[in-house]
Structures are given as C-alpha cells and as structure tokens.
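Okay, so here's the structure we're looking at.
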Amino acid sequence: MIGRLAVKSLAAHPVRSAVLAAGFGLGVAVMAILLGVAEVVLEQSRAPALAGGGDVVVRLGPDVPAQLLLAGPLQSDALAPRVRVAAPFHTSSVYLLRDGARVRVRARGGIPSLERRLGDRETASVPGWRDSPADVAWTQDSPERLLRHIDRFRPIPDAPEWADSWAEWLYFNGRTANTRFYLTFLVGPRVESGRRAAGVRLQLERDGRTETFGRSTELTDAEVQDAPDLTIGTAAVRLRGMHYHIDLDLPGEHGRRVRGSIRLEASPGRLVPPLEVRGARGWLTGYVVPVTSGVLGGWLDIDGTRVPLDGGTGYHDHNWGFWERVSWRWGQVQHDGLSVIYGRVLPPADAADPAHMPGFVGALGPEGPIGYATDVTITETDDAQGNPASISVRARGRALDLALRFDVTSRVTTRTTQGPIARGLDFLQLQGTYTVTGQVAGRRIDFQAPGAAETFRGE
C-alpha cells in the first residue's frame, strides 16, 4: 500500500518529489559529516600530547584508586621497564565570579614535577608551580608502601550497636605437595581491661592428619597500630619490602608444639584492592587480598619433625568489620599463572538484606587483575550428613564469564562458640578440586586444580 502511494505521488508531482528526495539526502549527508568531525575532535581532545605529554593516557573512574595502578600494575615486571613516568592528573569544573557574572571553565590539576618530565609546555615556565607535600607522597610511592597501606589495621568505627563484634585479621594459607596450612592473626574488640582481645591460630594438614595450634592474649592499641607488623604472644608477622616474614612458636594439643619460619612473596599489581560494604547504623565489613598467589618458603617444625615449605604456593588476605551474625562464602584456586577468587558476605538482616548482597568473582593474571563480575550465584550441594559435597559458582561480567565447580575432598570444622565471628555456627574450611571453564578477557579457560573454600553451617 505504501509503495503504491509513493508511485502515485511521484507520478502526480515529479518535481516536488525530486526536490524533497534531494533535501532528505543532503540532510543525511550533513549529519554524517558532522558526526565524523565530532568523533575526530573528541579523539584529538583525548590525545596524550594535550594531556601533558606521554604516549598513553589511562582514564580511571572516580571509584578506582589511582595509586593502586601507579604502584601496582605499572610496577610489574612486564611494564616497569617500559614506563618512564606515570603522571596522574584530575579535571574538574571551576567557576569564575566577577561583577555578578559567572563563567564555567574546565580546570586540570596534576603533579608539577611529573608533568615537566613529560614535556608539558603549558606549565614548564611557571616557577610557582611546585610539588606540594601531597604531591611528594604520590611521587615517592612504591609497591612496598602501597602494600603496607592496604594491609594496615583500621581504627574501630564509632558504631555502639555493633562494637562488641569488631575484629580484624591477617589470614595466610599455603600448600606444598603434601602439606597445607591455614594461619590467622586476629585482633578483636575491646575487653574489660580496655585492651584488645587477640589470638593466633594455625591449622596444619599433613599426610592426611589435621592438627591445630594457637595462643591468645590481649594487645594495646599501640601494639596494633603498626600492622601488618604484628606480634601476638610468641608469633609475629613482619612485612619487609615485598616479603611477609612469619615466625611461629605455638602450643598444640597433647603437649605438641610447632615452631617455624614462613616467607611469602608478594608481587606488584597482583592483588585485589580493598572492598568495603556498609549497612545500617554504622555496620560494615571489608576485605583486601595483598597476595593472590605468591612463592612460599621456609619451614615448620612439629616436635622435631621438620616440614619444608620451599617451592610451595601461598595466599594472603585481610578482613575487618563487625561479625556478629555474619557468615560468608569464599573460595580460591590457582593454575598456570591465573588466580580466581570468589566470595559473598551474608550480613545480619537488620544491618543489610542478605538476599541483595552481591557476590564477587575476580581473575588475576601474572601482571594483575584481568576480569571480575558481581553477577554471581553460589550453590552448595550437601551430602547425606549435611556437609558440603560440592560448590558451584556461576559468574558473568563484561570481561569474565566463568563456571567453577568445587568437589570437596576434606574439611576442618570449627564450632564458633565464642569470639566475635559468627557465634553459634560451624565454620568449615574445605579442601578439594576445582573445575573451571569459560573465558576471561578473551582467553579461553578450561582447567582442573586443587583449591580451598570456606563456608558455614547452622542457623
């Protein structure tokens, strides 16, 4: 019907139809040209030369800490020799007011010394443009300083309703061919003395046998403030450069004792940056992974039996928050230079809705993060006794689409009858095998590897 009308209109008014068609064509052509010019102008406005020199401009969102990039991935073995100077800058709107008139302008701020190294002609001749103390902190930042910063302990927030359940801890695990250990340095809430409850706990799996060692004490705020350098009784953690050094002397069951010296190597950029979730009336929980996969060394001695750790693989994360009626799901696996971590925190219902608490899956390569997703489902399948038999994780994101299946081979169950963490629940530390399939950043993923997981059982 439309075609017939068009033919009749063209036959009845040929000149008018031709002029109209030419006008439409001209309008479309002009619009295409304008769009093309706008795209060119936009690309030129983003040129590195206009941003102060350099060959590459990396633009970060407001929620991405630039220092994690400058002292992290850009300092990795693959990129550090190729990066001459990293000059951060920020743009914002500024308003000039004069005689009642207001003019909006775009202002740009950067670090003077770094801008000059990149040949920024606009500021090179301005003597008064010098580095401030805050600028100097940026220019002197390093992977070691960044690692210490993200692994520091936080002051207890002012949230009286949750204060009794505050805890913060350094967690390490490591494995060799026939040995696996879990090690926690925990500092809890204030006790009646005004000091902080603290404890260190080592779970050791060796040759099919599980043993637990530990010690508890109280610490002052001054003894906590230098963390991750932390001493709890006869156990201590020290961060020296990019290496964690851990010394242990802990009693165990039946008069047994473990002594040891553990080393774990961190890598620039191979970390998960701090994540923090907040809820009602000041409730919060936080998590950071300073070492997703590092070279393990050292030894453990159990009543004269030496257990070497050299050549093993280690992991380190750091947790803080209010933990009354809180549980979580967590897991981690490494294979062929790739680390995959998943997790979800389940808060008390009066702090935040557990059903709307997102999960997280992150993938890290040898030089740092390569993909993540928050569209995550975690499904646990129990055996006849109600213990986890398998865990399935499905994650979808822009650069990550993964399916993980974890088949449980062993577990350590701890009844949390006291302390600040999930009181009254069974805390399960699981060992098993992961099957991981999918893709990350265009790379096809298909492997099986040993890994770990944590979960809870109970009401």
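One table, with the values for the structure above:
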{"read-out": "Length gained when the stretch residue 435-residue 414 is fully extended (0.36 nm per residue, less Cα-Cα span)", "value": "4.9 nm"}
{"read-out": "Within the range 105-200, GluC sites (Glu not before Pro) in DSSP loop having at most 11 other beta-carbon neighbours inside 10 Å", "value": "192"}
{"read-out": "For residue 257, distant residues with modelled amide H under 5 Å away", "value": "252, 303"}
{"read-out": "Overall Cα dimensions of the range 323-459, principal axis frame, Å, largest first", "value": "45, 33, 26"}
{"read-out": "Two-decimal ratio, the range 325-406, of alpha-carbon radius of gyration to 2.2 N^0.38 Å", "value": "1.19"}
{"read-out": "From phi via Karplus (6.51, -1.76, 1.60), per-residue ³J(HN,Hα) for the range 89-95 in Hz, x at Gly/Pro", "value": "8, 9, 10, 7, 8, 10, 10"}
{"read-out": "³J(HN,Hα) computed for each position of the range 272-282 - Karplus, 6.51 cos²θ - 1.76 cosθ + 1.60, integer Hz, glycine/proline x", "value": "9, x, x, 10, 9, 10, 10, x, 5, 6, x"}
{"read-out": "Built amide H within the under 5 Å cut-off of residue 370, gap 5+", "value": "363, 364, 365"}
{"read-out": "In sequence order, calculated HN-Hα J values of the range 118-125 (Karplus, 6.51, -1.76, 1.60; Hz; x Gly/Pro)", "value": "8, x, 6, 5, 5, 10, 4, 9"}
{"read-out": "Rg(Cα)/(2.2 N^0.38 Å) for the range 153-322, N = residue count", "value": "1.07"}
{"read-out": "Distance in nm between pseudo-label sites at residue 142 and residue 377 (7 Å out along the Cβ direction from Cα)", "value": "4.9 nm"}
{"read-out": "At R0 = 41 Å, FRET efficiency that the Cβ-Cβ distance of residue 447 and residue 243 yields, to 0.05", "value": "0.90"}
{"read-out": "Cα gyration tensor category, rounded, prolate or oblate, for the range 151-192 with a/c compared to 1.5", "value": "prolate"}
{"read-out": "Sequence-distant residues sharing a close amide H with residue 375 (under 5 Å, placed H)", "value": "396"}
{"read-out": "Among 293-305, 263-275, the order from most to least packed when residues are scored by Cβ within 10 Å on average", "value": "263-275, 293-305"}
{"read-out": "Net charge of Cβ neighbours under 12 Å - reference residue 205; Lys, Arg +1; Asp, Glu -1", "value": "+3"}
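Every number here is computed from the coordinates shown, using simple stated rules; none is lab data. Since the structure is predicted, the reported quantities are computational estimates derived from the model, not experimental observations. So basically every Cβ, Gly included, is an ideal-geometry build from the backbone, and we count neighbours across all protein chains shown.
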